[in-house]
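The values are calculated or read from the model by the stated rules, or taken from the named source; none is laboratory data. Remember, predicted model here, so these are calculated numbers, not experimental data. We place every Cβ from the backbone using ideal geometry, glycine too, and count neighbours over all the protein chains shown.
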Amino acid sequence: MEVLKIGDRSLLYPIIQGGMGVGISLSSLAAHVAGNGGMGIISTAQIGFRDDDFYKNPIPANLRAVKTELDKARALAAQVFEKFKDSNRAAKFLDKLKDYVPFIGFNIMVATNKYADYVIEAVKAGADIIISGAGLPIDLPELVQKGQEISGNEKKTCIAPIVSSRKSAKVILKMWDRKYKTTADAVVIEGPLAGGHLGFSYDELHELGADTMASKNYKRDKYDAEIKEIIEEVRIYEEKFGKKIPVFVAGGIYTKEDIAHAMSLGADGVQMGTRFVTTYECDAPDDYKQTYIDAKEEDIVITKSPVGMPGRAIRNDFMDRLKEGPVPIRHCCNCLATSVCDRKTIPYCITEALCCAANSDESHALLFCGANAYRAKKIEHVADIMNELTENI
Ligand SMILES: Cc1cc2nc3c(=O)[nH]c(=O)nc-3n(C[C@H](O)[C@H](O)[C@H](O)COP(=O)(O)O)c2cc1C
């Protein structure tokens, strides 16, 4: 059985668990996905929010947590992988298992304040990959190189941009080519059904039927055409650099049929977020997971995030309260670059709202989710989900 090559690393199953902040994809979720043959991604968004010093010195607390979470994930993934190796599912990879190292990396949003420091810290910690969206990661190759030089790590950290259109794929791949004579190790295409911040305007979401009740309104063929275009663009660079650049489709992938559909468009794999939230191993608190299970499709709405981008979330009291006016910021962590977040005019603080979600303070919480969150009926084990999803792979 052939496995997917990403840079000089291999991945047993072409499934990335998408980075989810704040506190949704940390070491536990990433380790279980990676230990079961997928790619586990830790989100650096306020990754140190449980550190005692977080509210006083958020950035140092976050930077410390980058290494601690990765170390924890590596140790746990090794244990999970031992179990995987004993399972029937491992049989077809027999010759690949001896040297296989569970694939674990970070999602670092470009809009993050001190983005460069997070990237360098992740490389120093020994991340297998850095996946970056919420802006175009123009300087990512240079920052990874710098981290590599500081740390002396021999194995190169792979880089993958998240794009939503052919235009953004073209811009970032062209820039990396011109400025650094390099290209991506993988590309993630994030579509309009994804969770968290979305790389689309309200009008674009509406035109694609992805703003509300997506199960009946979503114009899948329309965005599928864009996915094919993006893949075409990536293949140009694949040819130019003489290396495989696997493309992963994200947003609304929930079942093995969804995976098969993404592959039929020419993708090499998928990135999934929402499906992994309702697992025992997900780092979110239990009541967060329960809101997914209780949600009906009409509860899943598009909201305006203070950073100006639309985001998808489950409607709750906090969102209703926002309609009455701005919610004062209690404590600014300087989490976002000032060009992205204007502290004086924002309707609420995104970090506070996401940290409240991760700390079970539902009345102040913003509950990010993908368009499929209402489909969860029970809490599952990551191993069972991976088993189900990879039946035909
Ligand atoms: C709760 C939640 C938080 C998320 N946070 C981030 C994030 O911090 N950075 C990011 O690039 N994507 C984030 N995402 C997007 C996921 O990584 C993933 O690409 C997307 O949700 C895929 O769509 P799906 O949820 O339908 O599978 C988030 C998604 C969810 C559901």
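All of Ser151, Ser201, Ser168, Ser164 fail the test of being under 15 Å from Ala122 (Cβ atoms) and small (Gly, Ala, Ser), apart from Ser151. When Asp317, Asp299, Asp384 are checked against the criterion of being assigned by TED's automatic domain parsing to the domain that holds Val270, over 20 Å from the mean Cα position of the chain (by Cα) and not hydroxyl-bearing (Ser, Thr, Tyr), a single residue qualifies: Asp384. Among strands (runs of 3 or more DSSP E) entirely within region 217-317, having at least 1 residues that are in contact with a His (Cβ under 8 Å, 6 or more places away or on another chain) singles out 310-314.
For the condition outside any helix (DSSP H, G or I) and not aromatic (Phe, Trp, Tyr), Asp95 does not qualify. Tallying residues that are within 20 Å of Ser164 (Cβ to Cβ) and away from the ligand (no atom under 16 Å from the Cβ) within region 239-263 yields 1. Remark: Lys92 falls outside the filter, which requires a residue to be assigned by TED's automatic domain parsing to the domain that holds Thr212, surrounded by fewer than 21 Cβ atoms within 10 Å (Cβ to Cβ), in contact with a helix residue (DSSP H, G or I) (Cβ under 7 Å, 6 or more places away or on another chain) and of a type in the set (Lys, Arg). For region 1-55: of the residues being assigned to a strand (DSSP E or B) and either among the aromatic types (Phe, Trp, Tyr) or in contact with a His (Cβ under 9 Å, 6 or more places away or on another chain) (or both), which is farthest from Ile393 (Cα to Cα)? Per the criteria, the residue is Gly40. Against the numbered list (1) in contact (Cβ under 8 Å) with a residue 40 or more places away in the chain; (2) within 16 Å of the ligand (Cβ to nearest atom); (3) within 23 Å of Lys124 (Cβ to Cβ), Ala65 comes up short only at (1). Taking first residues from region 9-27 that are in contact (Cβ under 8 Å) with a residue 12 or more places away in the chain and partners that are surrounded by fewer than 24 Cβ atoms within 10 Å (Cβ to Cβ) and among the aromatic types (Phe, Trp, Tyr), the Cβ contacts under 8 Å between residues at least 6 apart in sequence or on separate chains come to Ser10/Tyr100; Leu12/Phe93; Leu12/Tyr100; Val22/Phe49; Gly23/Phe49.
Residues that are out of contact with any strand residue (DSSP E or B) (no Cβ under 7 Å at 6 or more places or on another chain) and surrounded by fewer than 24 Cβ atoms within 10 Å (Cβ to Cβ) within region 1-26 comprise Met1, Glu2, Lys5, Asp8, Tyr13, Gly23, listed in sequence order. Output yes when any residue across region 170-188 is within 16 Å of the ligand (Cβ to nearest atom), part of a strand (DSSP E or B), at pLDDT 95 or above and assigned by TED's automatic domain parsing to the domain that holds Lys124, and no when none is. Within region 170-188, one or more residues are within 16 Å of the ligand (Cβ to nearest atom), part of a strand (DSSP E or B), at pLDDT 95 or above and assigned by TED's automatic domain parsing to the domain that holds Lys124.
Candidates in region 99-114 are the residues that are in a loop (DSSP other than H, G, I, E, B) and within 16 Å of the ligand (Cβ to nearest atom); of these, the one that is surrounded by the most Cβ atoms within 10 Å (Cβ to Cβ) is Ile108. For Glu69, state whether it is crowded, with 21+ Cβ neighbours inside 10 Å and of a type in the set (D, E, K, R). The answer is yes for Glu69.
In this structure, is Ala34 touching a residue at least 12 places away in the same chain (Cβ under 8 Å), of a type in the set (A, V, I, L, M) and more than 12 Å from the ligand (Cβ to nearest atom)? Spelling it out, Ala34 is indeed touching a residue at least 12 places away in the same chain (Cβ under 8 Å), of a type in the set (A, V, I, L, M) and more than 12 Å from the ligand (Cβ to nearest atom). Of all residues in region 307-326, those that are in contact (Cβ under 8 Å) with a residue 24 or more places away in the chain and more than 20 Å from Asp203 (Cβ to Cβ) total 6.
Screening the candidates Gly48, Gly40 for the property of being within 16 Å of the ligand (Cβ to nearest atom) and either farther than 30 Å from Asp95 by Cα or surrounded by fewer than 24 Cβ atoms within 10 Å (Cβ to Cβ) (or both) yields one hit, Gly48.
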